[in-house]
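**Q** Below is the structure I would like to discuss, written out as structure tokens.
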Amino acid sequence: MESYKEPLRELARPYRKAVLKALLVLTIMGGALFAALNISTGSYVLAAVEMAMGAYAIFVFRAIRYTRHLERWIIAYAIPFFTAMMFAMITPRATSTVHAWVLLIPIISHLLMGRRLGLAVAVFYMSVAAIIFMFKHQGQADMMQALPITNIAVISLCILVFSHVYEVTREQSERQLLKIAQTDTLTGLANRARLSDIFEREQQRARRYNTPITILALDLDHFKAVNDRYGHETGDMALQHVARIFRECLRATDLPARLGGEEFGILLTNTNSQQGLEVAEKIRVAVASTPLHVNNDVIRLTLSGGVAEFGTDGDTLRDLVREADRRLYHAKDAGRNQIIPADNRHPGNVS
Ligand SMILES: Nc1nc2c(ncn2[C@@H]2O[C@H](COP(=O)(O)OP(=O)(O)OP(=O)(O)O)[C@@H](O)[C@H]2O)c(=O)[nH]1
């Protein structure tokens, strides 16, 4: 489960909202200023468009305060905003300096909509602006020369490329930081924060499609003795060794996580508690039958576990981990190296 799409979107929200708010405030102020200037020069249609954009900006400013659909409001505002820009370019009374506004499009669209949609919207409106420019100035010999046209084209392209590169790099750094923040450094497994994020997403899917989710809680047996006998460094190697076995035993859609110390939680999507028990048994047998070789030592490890199923044992990750933990401690009490299933009646084989 490598996708960080949802948490990245969440992370970008406050910053996109701040950019949108700044744009709205500037539109309200700019709308009033340019409407007054256009009224004074008799450009009433343009003034009406500017006042309408200002009024719409006030409406959107209020609407985004508590919205859960910021992305939709961004599109609902940016598209009319850019369209109004194109309209301002078409009007006969508009001066050629109005084209300077087009340079804002790639910056605003990337900041508000991200690298993919931002690029698509920017390329579309900049192309429309280029066509309008050519039509408008086709009779003006001084503008229709290679140098001024190349100047404008290169500046526009530079701003488009810089905005895009900035946004791509920003997203990559954010993804990298998020990955670090959600990964256990010792084992490379997910940590509790990532397990929680993925569980939130998966439980929504499970409710919608009525599919099962199972949580396993697994804990190494007598791990303190491993540390005491072979040292902390070897203990760390044992944790890495177990993490490797988890990866080998699980599907790509399962998420193994280190909950802390020598305790692990595994999220199994599309898996009921019976299938979950089979997975846990497979891991238990693999750990018990794959000793760790360090120098000349052969270190035999075992683990105990508990299974809990979404819905039957609880609806939140906290409840499910608590239930799976409760069974895990039964397994410890019953002699270790065993899994207690979700129905709590039939412990798995003790080898
Ligand atoms: N090497 C290493 N040891 C750790 C790490 N985190 C926790 N431990 C050790 O794990 C051991 C856990 O000990 P206990 O909680 O007594 O559990 P146990 O010895 O496995 O006994 P049972 O769980 O009852 O089978 C302690 O010695 C901790 O110091 C870690 O990151 N690296």
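The values are calculated or read from the model by the stated rules, or taken from the named source; none is laboratory data. It should be emphasised that the depicted structure is a prediction, and the values quoted were computed from it without experimental measurement. Positions of Cβ are backbone-derived with ideal geometry, glycine not excepted, and every protein chain shown enters the neighbour counts.
**Q** Can you report the number of residues in the range 308-332 which are under 17 Å from residue 196 (Cα atoms) and outside any helix (DSSP H, G or I)?
**A** Within the range 308-332, residues that are under 17 Å from residue 196 (Cα atoms) and outside any helix (DSSP H, G or I) number 8.
**Q** Quick check on the range 75-89. Is at least one of its residues closer than 14 Å to residue 18 by Cα and either within 21 Å of the chain's Cα centre (by Cα) or outside the structural domain of residue 29 (by TED's automatic domain parsing) (or both)?
**A** Looking for residues that are closer than 14 Å to residue 18 by Cα and either within 21 Å of the chain's Cα centre (by Cα) or outside the structural domain of residue 29 (by TED's automatic domain parsing) (or both), one finds none in the range 75-89, hence no.
**Q** Within the range 303-318, how many residues are of a type in the set (A, V, I, L, M, F, W, C) and surrounded by fewer than 24 Cβ atoms within 10 Å (Cβ to Cβ)?
**A** Qualifying residue count for the region: 1.
**Q** Tell me which residues, restricted to the range 229-243, are closer than 22 Å to residue 256 by Cα and more than 8 Å from the ligand (Cβ to nearest atom).
**A** 237, 240, 241, 242, 243
**Q** Still on this model: With respect to residue 204, is the statement that it is surrounded by fewer than 19 Cβ atoms within 10 Å (Cβ to Cβ), in the same structural domain as residue 267 (by TED's automatic domain parsing) and away from the ligand (no atom under 16 Å from the Cβ) true?
**A** Yes, satisfied.
**Q** Which number in (1) at positive phi; (2) within 11 Å of the ligand (Cβ to nearest atom) marks the one condition that residue 219 misses?
**A** (1)
**Q** Can you find even one residue in the range 276-288 that is surrounded by 24 or more Cβ atoms within 10 Å (Cβ to Cβ), of a type outside the set (A, V, I, L, M, F, W, C), more than 14 Å from the ligand (Cβ to nearest atom) and touching a residue at least 24 places away in the same chain (Cβ under 8 Å)?
**A** Yes: one or more hits.
**Q** Only one residue in 48, 12 is free of Cβ contacts under 8 Å to residues at least 24 places away in the same chain and not aromatic (Phe, Trp, Tyr), so which one is that?
**A** When all the criteria are applied, what remains is 48.
A quick yes/no check of all residues on (1) of a type in the set (Gly, Ala, Ser); (2) under 29 Å from the mean Cα position of the chain (by Cα); (3) surrounded by fewer than 16 Cβ atoms within 10 Å (Cβ to Cβ); (4) under 30 Å from residue 246 (Cα atoms):
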| site | (1), (2), (3), (4) |
| --- | --- |
| 6 | no, yes, yes, yes |
| 24 | no, yes, no, no |
| 27 | no, no, no, no |
| 43 | yes, no, no, no |
| 52 | yes, no, yes, no |
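**Q** Same structure, new question: Which of (1) away from the ligand (no atom under 16 Å from the Cβ); (2) in a helix (DSSP H, G or I); (3) among the charged types (D, E, K, R) does residue 251 not meet, given it meets every other one?
**A** (2)
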